[in-house]
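Step one of this worksheet: look at the structure below.
The values are calculated or read from the model by the stated rules, or taken from the named source; none is laboratory data. The model shown is predicted, which means the values in this text are computed figures rather than measured ones. No Cβ is skipped: glycine too gets one built from the backbone with ideal geometry, and neighbour counts run over all protein chains shown.
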Amino acid sequence: MRNLIKIDNGGALSDLCVIDGDSVYRSNTVTAAYDLSKCFFDGLKKVSKTIYDFENLWSLLHGIDHIAYSTT
């Protein structure tokens, strides 16, 4: 498994964790209860900035094998 992205949508915050071999990157974003896709993509953009030092959603999504998504 190359990369795994785990996303947990919570009531107030959505937590993201990207596991890439021995490296782990974490981020969170405010949950948008009216549109869960907003916090999903906002979180992915934010964690991609943590990994690449600039927002690079394409590279993040291109290099993953699995996404685990859960909500409360």
Can you tell me how many residues in the stretch 29-53 are without any contact (Cβ under 8 Å) to a residue 24 or more places away in the chain and surrounded by 19 or more Cβ atoms within 10 Å (Cβ to Cβ)?
3
Restricting to the stretch 58-72, give me the number of residues that are under 20 Å from residue 13 (Cβ atoms) and aliphatic (A, V, I, L, M).
3
Condition test on residue 6, is it charged (D, E, K, R) and not in a helix (DSSP H, G or I)?
yes
Taking into account only those residues within the stretch 20-72 that are hydrophobic (A, V, I, L, M, F, W, C) and assigned to a loop (DSSP other than H, G, I, E, B), which is modelled with the highest pLDDT?
54
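Specify the residue that is farthest from residue 5 (Cα to Cα); the eligible residues are those in the stretch 34-56 that are of a type in the set (A, V, I, L, M, F, W, C) and out of contact with any helix residue (DSSP H, G or I) (no Cβ under 9 Å at 6 or more places or on another chain). It would help to see each step written out before you state the result.
Of all residues in the stretch 34-56, those of a type in the set (A, V, I, L, M, F, W, C) come to 36, 39-41, 44, 47, 51, 54.
Retained after the next criterion (residues that are out of contact with any helix residue (DSSP H, G or I) (no Cβ under 9 Å at 6 or more places or on another chain)): 36, 39-40.
On the way: 36: 16, 39: 14, 40: 11 Å.
Among those that are of a type in the set (A, V, I, L, M, F, W, C) and out of contact with any helix residue (DSSP H, G or I) (no Cβ under 9 Å at 6 or more places or on another chain), it is 36.
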Quick one: in the stretch 60-72, which of the residues that are loosely packed, with under 12 Cβ neighbours inside 10 Å and of a type in the set (Gly, Ala, Ser) is nearest to the chain's Cα centre (by Cα)?
68
Scanning the stretch 23-54 for residues that are of a type in the set (D, E, K, R) and under 12 Å from the mean Cα position of the chain (by Cα), which turns out farthest from residue 11 (Cα to Cα)?
49
